[in-house]
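For reference, the structure discussed in these notes is given below.
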Amino acid sequence: MTVPDIHLNDGKTIPQLGFGVFQIEPKDTAEAVSQALQIGYRHIDTAEMYGNEKEVGEAVASSGLDRSDLFITSKLNNGFHRPDDARRAFDQTLSDLGLDYVDLFLIHWPLPTRYDGDYVSTWQTLEEFYRDGRSRSIGVSNFNPHHLRRLHEETTVRPAVDQIEVHPFLAQDDVRAFCHEHEIAVEAWSPIAQGAVLDDPTITEIARRVGKSTAQVVLRWHIQRGDIVFPKSVSPERMKENFEIFDFELEDVDMAMITGLDRHERTGPDPDTFDLIPS
Ligand code: NDP
């Protein structure tokens, strides 16, 4: 099973399918990531906020894989947006992961109601990590078009990706259109809405017809839309299932039926109001 690469606007590439570790307990993370790597995943999505960077690093170190064959993403936590804090937090992330560089580092949330609405100086600090090579690419997460427009107007490096909530109940047409126009790759978080889309009758019927599971159909829908996904699972069977999505194709009519399920329904917070600083 070969995972396609997506080309980023900075010349780098990213595997279109990865493995997400949000809500995996630190004690279970090294094993889960090791299993994912054995199955063939080469792209891991973590964050300081998830509290399991050290354990991701342990799994990477014991994998025996070449660092250059892996794509590791982490994210700046909400309490560290001020430039000096961001520099310290990034050093800590590299140290916890046991790596001398990450492939991608993101501002986790824009927090427009905190830091006097200043996520621009935070982005300029990530530009430093990009320029010194310790983050091969940099991007943002949960940025809406108006947040992205401001970076576009006030900074020099374009985000390589925007990682946003996307699934059949939340198609995010406006953010995705803005990203496409500006060559920003879209990463779809909670790609199966943490399981909420899996019992939908339309998706169930398509899955029955094509002989795949509902999760595989939804993940395939994302892939054919060109987005990057990293479903989370602690079950090796489901990790395998989620990996086996490159041996079938959805027809246009099925793609349209799934896209038609959009009801603008989030499972997570709204980026314009979310302001949590985890303790
Ligand atoms: P997902 O949409 O990936 O769903 C994960 C849930 O679905 C888990 O409960 C898992 O259970 C279950 N599941 C996984 N595969 C299957 C399957 N084949 N059949 C049935 N159930 C399945 O949700 P996440 O929120 O974890 O999103 C994925 C990743 O996105 C995160 O891990 C994280 O990396 C990223 N993310 C980023 C955010 C951001 O703000 N930037 C916010 C949220 C997520 P089980 O483990 O028991 O298999």
The range 121-211: helices (runs of 4 or more DSSP H) wholly inside it with 2 or more residues that are within 26 Å of Arg87 (Cβ to Cβ) and open to solvent by 10 Å² or more (accessible area, probe 1.4 Å) are 145-154
Residues that are within 15 Å of the ligand (Cβ to nearest atom) and either free of Cβ contacts under 8 Å to residues at least 40 places away in the same chain or assigned to a loop (DSSP other than H, G, I, E, B) (or both), drawn from the range 82-111
Val102, Phe105, Ile107, His108, Trp109, Pro110, Leu111
Can you pull out the residues in the range 49-69 that are assigned to a loop (DSSP other than H, G, I, E, B) and open to solvent by less than 10 Å² (accessible area, probe 1.4 Å)?
Asn52
Quick check on the range 216-231: of everything there that is open to solvent by 10 Å² or more (accessible area, probe 1.4 Å) and assigned to a helix (DSSP H, G or I), which residue is farthest from the ligand (Cβ to nearest atom)?
Gln224
Among the residues of the range 232-248 satisfying the criterion of being buried (at least 16 other Cβ atoms within 10 Å of the Cβ) and polar (S, T, N, Q), which is nearest to the ligand (Cβ to nearest atom)?
Ser233
It is to be established whether one or more residues within the range 25-45 are open to solvent by 20 Å² or more (accessible area, probe 1.4 Å), farther than 21 Å from Ile184 by Cβ and touching a strand residue (DSSP E or B) at 6+ places or on another chain (Cβ under 8 Å).
yes
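The values are calculated or read from the model by the stated rules, or taken from the named source; none is laboratory data. For clarity, every value in this text was computed on a predicted model and none was experimentally measured. Because the Cβ atoms are built from the backbone with ideal geometry, glycine has one as well, and the counts that use them run over all protein chains shown. Accessible surface is based on the protein model in full, side chains and every heavy atom, while ligands, DNA and RNA are left aside. Shrake-Rupley method; radii C 1.70, N 1.55, O 1.52, S 1.80 Å.
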